[in-house]
1. Farther than 17 Å from Gly131 by Cβ, of a type in the set (Ser, Thr, Tyr) and part of a strand (DSSP E or B), is that true of Tyr232?
2. Tell me which of these Gly311 doesn't satisfy, since it passes every other one: (1) surrounded by fewer than 15 Cβ atoms within 10 Å (Cβ to Cβ); (2) at pLDDT 95 or above.
3. Would you mind stating whether Asn54 is assigned to a strand (DSSP E or B), at pLDDT 65 or above and in contact with a helix residue (DSSP H, G or I) (Cβ under 6 Å, 6 or more places away or on another chain)?
Amino acid sequence: MKLNAMLKTLGFLALAATPVVAGPSAPAPDKNPIAPAPVNDDLGITASIGYDSNYVWRGINYGQHWVRSGLNGAILLVGGAAEDGAGSTSLLWDVNYGSLAGDHDSFSPNILGPTGGAIKPTNSFQRLQLGAAISHDFGPAAISFGYSFIHNMGSLANGSGLNQLPGSPGGFGMNDIQQLTLGVNTDLGPINLASSANYDLFNGGWYFDLVAKSTIAVTDAISIVPHAGLGYGLNYNAGFTQASRNLVGGGGTFTSSGAQNGISGWTALTVGIDFPIKLNSRATLTPYVAANLPMGPMKNLASSSRNPYTGGVPSVPGGPSTPFNSIVYYGVTLSVRF
C-alpha cells in the first residue's frame, strides 16, 4: 500500500510539472534581438584642407594657387522639441587660414621701369579668419547672427611690395576686416537658399549675398551639387586702403566714376558645380569647378586702373585689371568630421 501511494504521488508531481517545463507558456528565444544604441562619439567638429586654382572672394580674384585649412563646429545650446531639430539654438564657430602659394597675386602691376625694363613684382598674401555666431532653427528657416575677424597678412596686405616701387605714392595695402553678419538659411523644395547681410565695423560698407544650391544624389557615396551666388555691395571697399583703391578706378574706391566711396551695386555672379565623394562615414572629398563673372561697377574696374609707378598718372598702362576679370577656376577639399 505504501509503495502504491508513493508511485501515485510521484506521477501526480510529474504531471503537474510537465506544462512548466515544455508547455506553450515557456518563453521563446528572440530571433531578432535589438542591438544596443551606438555611443554618439561625434564631437561636432569638421577639419578640412583644400586647394583653389584661384582665390576668389566676394567677386574679387586675389591670386593663383590658394592653399587653405580650416576647422568649424557647432555646439548645441538648447535642444529643439521637434524631431527635425526645430526650436534648437546652437553656437557656430569656424577658424580658417589660407595662403597664396608662390606669391602669385593678381594685384601686382605689369609696368615699365625707368630704363624701359619690365617690373613684375609679386606679393605674398595670407588670411586668417575667426568667426562665431548664434543660430536658431525656427523650422521653416534658420537665422544666425555673428561676428568675424579677418586678419590680412603678407606684402599685399602691408603694401611693402608696391610702396617700395620708385615713384609710388605709398599707402598701398589692406586693412583687417571686422564684420557683423545676419544670415538666413531655408529650403524651398530641393533648393537650399542662404543669404547674409555683412557690415564691416572697421572699414565701413555693406556686403550682401544670396547663394542657391541643390544636391543631386548619383550613388550613396557620390553627389552633384550645382550652385549659384550673387553679391551686392553698398559703399563696399573689401578692406583695401585708400591708396590701393585709388590705384583702381582713377581715385575712386571700386567705382568707375572716380568717387571716393566704395562700390555700390552688383558685384559678381558666381556659378559652379561641386562633386562631393563620401570616402567613409566621416571623410568627404569634394572637387569643384566654378566661374566668377564680375558685374556692373566691379566689371568696369578692369578697364579703369591706374599705374602706381608714375604716382597715379595714367601715362603708362598696366594697372591690375586681373582681379576684376571673369575667370574659370577649380579646386578640391578634403573634410573629416570628428
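1. Numbers: farther than 17 Å from Gly131 by Cβ: yes; of a type in the set (Ser, Thr, Tyr): yes; part of a strand (DSSP E or B): yes.
Yes.
2. Condition not satisfied by Gly311: (2).
3. On the way: assigned to a strand (DSSP E or B): yes; at pLDDT 65 or above: yes; in contact with a helix residue (DSSP H, G or I) (Cβ under 6 Å, 6 or more places away or on another chain): no.
Against the criterion (assigned to a strand (DSSP E or B), at pLDDT 65 or above and in contact with a helix residue (DSSP H, G or I) (Cβ under 6 Å, 6 or more places away or on another chain)), Asn54 does not qualify.
The values are calculated or read from the model by the stated rules, or taken from the named source; none is laboratory data. The structure presented is a predicted model; accordingly, all values stated were derived computationally and were not measured. Cβ: placed from backbone, ideal geometry, glycine included. Neighbour counts: every protein chain shown.
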